[in-house]
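Peer 1: Pasting a structure below so you can have a look.
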Amino acid sequence: MKAFLTPVIAAAAVLLLSGTAQAHHPFAAEYDKDKPVHVMGTVTKVDWSNPHSMLQVDEKMPDGHITSWTFELGGPNALKRRGWTQTTVKNGDSVTIDGWMAKDDPHHGNAKSVKLSTGKELNAASSYYDQPAKGKNSH
């Protein structure tokens, strides 16, 4: 019986871990480091979850039109290590976000920093800084 359970447990572990590995992606696969973005707006949703937290922000344009943005942040543990809590940013808060635009969505980005209306600036734990050094092999 033990000989049967070992391969079953190993297979289950591989399946569970592969889902997590596929959910995480390198910065360069989705975002363009050569397209910085600066957005000032109002938070409409905070999704504090793995593998990446998300922040939705409505930016009011000079003509009154509202542009809705979605910004990827680091995961909850990475944000906590940088001073965030689940209540640091809430719906209705005014924020300024600096980051990089997505390659295929004009209103999606990866946040580098989030500045609160109090003036406090928070590191967004961007996956940009997780990239392998230039010239090194990556997966």
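The values are calculated or read from the model by the stated rules, or taken from the named source; none is laboratory data. Not measured: the values here are computed from a predicted model. Using ideal geometry, Cβ is built from the backbone for each residue, glycine included, and neighbour counts are taken over all protein chains shown.
Peer 1: Go through Val95, Val89 for me and flag whichever is part of a loop (DSSP other than H, G, I, E, B) and surrounded by 15 or more Cβ atoms within 10 Å (Cβ to Cβ).
Peer 2: Val89
Peer 1: Right, something else. Can you find, within the range 111-121, the residue that is farthest from Asp34 (Cα to Cα) among those that are surrounded by fewer than 18 Cβ atoms within 10 Å (Cβ to Cβ), touching a residue at least 12 places away in the same chain (Cβ under 8 Å) and not polar (S, T, N, Q)?
Peer 2: Leu116
Peer 1: Within the range 25-56, work out how many residues are of a type in the set (A, V, I, L, M, F, W, C), touching a helix residue (DSSP H, G or I) at 6+ places or on another chain (Cβ under 7 Å) and within 21 Å of Thr118 (Cβ to Cβ).
Peer 2: Residues in the range 25-56 being of a type in the set (A, V, I, L, M, F, W, C), touching a helix residue (DSSP H, G or I) at 6+ places or on another chain (Cβ under 7 Å) and within 21 Å of Thr118 (Cβ to Cβ): 1 in total.
Peer 1: Out of the residues in the range 57-99 that are among the small types (Gly, Ala, Ser) and farther than 14 Å from Leu116 by Cα, state the one that is farthest from the chain's Cα centre (by Cα).
Peer 2: Residue satisfying both the conditions and the ranking: Gly64.
Peer 1: Continuing with this model, one more query. For residues in the range 115-127 being under 12 Å from the mean Cα position of the chain (by Cα) and not in a loop (DSSP other than H, G, I, E, B), which is farthest from Phe27 (Cα to Cα)?
Peer 2: Asn123
Peer 1: Being surrounded by fewer than 21 Cβ atoms within 10 Å (Cβ to Cβ) and modelled with pLDDT of 95 or more is the filter; apply it to the range 49-60 and report the residue that is farthest from Lys90 (Cα to Cα).
Peer 2: This residue is Lys60.
Peer 1: Which one is surrounded by the most Cβ atoms within 10 Å (Cβ to Cβ) among residues in the range 98-110 that are in a loop (DSSP other than H, G, I, E, B) and at pLDDT 95 or above?
Peer 2: If we take residues in the range 98-110 being in a loop (DSSP other than H, G, I, E, B) and at pLDDT 95 or above, then His107 is surrounded by the most Cβ atoms within 10 Å (Cβ to Cβ).
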